[in-house]
Amino acid sequence: MAKSGTLASVVTGVVAFLVGLSVCFFTIGPAMFADGPTSERFVVLGIGALIMFGLGMAGGALAPRRYRLVGVWLAAPAVLVFLFFAVSGELPIEFILLGVAFVVAYFAAALFGAWLAARTRLRKLSGAAAEGSMSEPRV
């Protein structure tokens, strides 16, 4: 029988992976095959990184003790989506570098967001616990 902490980690990782997959598929894919200027691709990169940061913060706040797991599994689909689009067509070196930039930015944003939210939440929880123990007993 599995421990409840292990089950919670698996569920957290699967949910983070699926959410990350949907974000990565609809940002990295179109940016790799768009026919617009490079500036559009960098705008998509920035917006996608902001989305990953926000999702990382949400995951870090919901599971503060598993923030690393949330950040890594949230951004992990970026590698798979990039490889899928890189293998499916012959891409010039500029697009390969852009794909690497997406992967690095998504990992950095998701991990930083999860860490920041977890740190804030754990500080609030520890502050509330310390505050509760210091108060006078109720009569």
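The values are calculated or read from the model by the stated rules, or taken from the named source; none is laboratory data. These numbers were taken from a predicted model, which means no experiment stands behind them. Glycine gets a Cβ as well: all are built from the backbone with ideal geometry, and neighbour counts include every protein chain shown.
Of note:
- Qualifying residue in the range 83-99 (condition: surrounded by fewer than 19 Cβ atoms within 10 Å (Cβ to Cβ), in contact with a helix residue (DSSP H, G or I) (Cβ under 8 Å, 6 or more places away or on another chain) and within 27 Å of residue 115 (Cα to Cα)): no
- Filter result for residue 48 (within 21 Å of residue 84 (Cα to Cα), under 14 Å from the mean Cα position of the chain (by Cα) and at pLDDT 90 or above): yes
- Filter pass, residue 137 being closer than 24 Å to residue 76 by Cα and modelled with pLDDT under 85: no
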